[in-house]
Amino acid sequence: MITASCLISCLWLLAASALASPHGRCDFQPSLTHCSGVKRYVDTFRGGAIIDIPQLSHDKPAILSAEATWNVPFIKPNPGADLHDVNNRHEMGKWVGITGGHCNDAASGALLQAGTDTALLENGKTEAFAWLEWLPAAAFALPPENMTVHPGDNIRVAIRIDATDEGFVEIQNLNTGQKWSDAVANPHPEAAGSAMCLGNGTAWFLNERVLGVPGAKLDRDRTVLPVFSNISFADVQARDRLGHRFNLGDPSADYWNTTQAGTETPVFVSEPVGAEEFVIYSPESKNWVPLAE
Ligand SMILES: *[C@@H]1O[C@H](CO)[C@@H](O)[C@H](O)[C@H]1NC(C)=O
Ligand SMILES: *[C@@H]1O[C@H](CO)[C@@H](O)[C@H](O)[C@H]1NC(C)=O
Ligand SMILES: *[C@@H]1O[C@H](CO)[C@@H](O)[C@H](O)[C@H]1NC(C)=O
Ligand SMILES: *[C@@H]1O[C@H](CO)[C@@H](O)[C@H](O)[C@H]1NC(C)=O
């Protein structure tokens, strides 16, 4: 058993009160805010693409699976930034996730997510690792022996929901050929809001600033954020419970940009590329081509 990392779970908990106020009809859940039927969504700490998928089966969650491939980005410190100060460091998670609609209890339901995390270190280099999470339970970082990830690697992540408390995660490093997969179960099935809800679901393909970096002030209060190299998501797809395939060409797909809190300054821009592909870029570094470290 690996020590659960606070990074991703804290991120979501902190995020609950930090959401931008979007337009349109929103579902407010402790862990997620999502406005259905609204295009051009802007958030202060996450960006990417989502696909809403209707529920077709009454006793199982709407979404069977979601998958995508992406390159793990490099992060570049701001010129002159003192990286001994943790507030000048930075961490981002890229992930594929599945949520359901509404549960019968008042608490919101689970989010199954898996992906990679990229962190800017004190020495100015970037490191990465893979993780998964059955939210609201804490995230679980895969040790390097099970999945080694470096910035620049291409990673494919596929996740599946088999029942309200059961799923499956597969993570593959396409550069090294290393593959990890396992069944995942809701770690606290007795806890309210921990099961995957029924109802219409959402497949998530996001990049997100990790809030709650230990010792740092909250990321959402930061004003000068380091930039990163383009993240290209490819082979983006999801399937509903009956196996129908959805992608970004579907009318229920949407793209989210991210702005610095309290401003309209974009920090991540999510740009469509095709029905199964999009790019997330940092406006200040979209032409940056990092040298392999
Ligand atoms: C995201 O930003 C790009 C570039 O400024 C813009 O073209 C696009 O409309 C924005 N999308 C959203 C969802 O606001
Ligand atoms: C679920 O999605 C379907 C198809 O998009 C829609 O007609 C229905 O109103 C949605 N249900 C809820 C509860 O949002
Ligand atoms: C990681 O690999 C080791 C050795 O193969 C194995 O014993 C362990 O169960 C794996 N851990 C996970 C989380 O899969
Ligand atoms: C990053 O993506 C942007 C938006 O598509 C593009 O203009 C830019 O050329 C890309 N940069 C690189 C280095 O590929």
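The values are calculated or read from the model by the stated rules, or taken from the named source; none is laboratory data. The structure presented is a predicted model; accordingly, all values stated were derived computationally and were not measured. Positions of Cβ are backbone-derived with ideal geometry, glycine not excepted, and every protein chain shown enters the neighbour counts. Protein only, heavy atoms only, side chains kept; ligands, DNA and RNA dropped before computing areas. Shrake-Rupley method; radii C 1.70, N 1.55, O 1.52, S 1.80 Å.
Count Lys and Arg as plus one, Asp and Glu as minus one, and take only other residues whose Cβ is under 14 Å from that of THR69; the net charge is then -3. In the complete set of protein chains, residue-level accessible area for ASP43 is approximately 0 Å², probe 1.4 angstrom.
Among residues other than ASP52 with Cβ under 9 Å from its Cβ, the summed charge is -2 (Lys and Arg +1, Asp and Glu -1). For MET147, neighbours were defined as the other residues whose beta-carbon sits under 12 Å from its Cβ, and their charges (Lys and Arg +1, Asp and Glu -1) total -3. Applying a DSSP loop filter and a limit of 15 other Cβ atoms within 10 Å to the GluC sites (Glu not before Pro) in segment 133-211 leaves GLU145, GLU190. The largest accessible area among LYS179, LYS60 belongs to the first residue in LYS179, LYS60, and the rest follow in falling order (1.4 Å probe, all chains).
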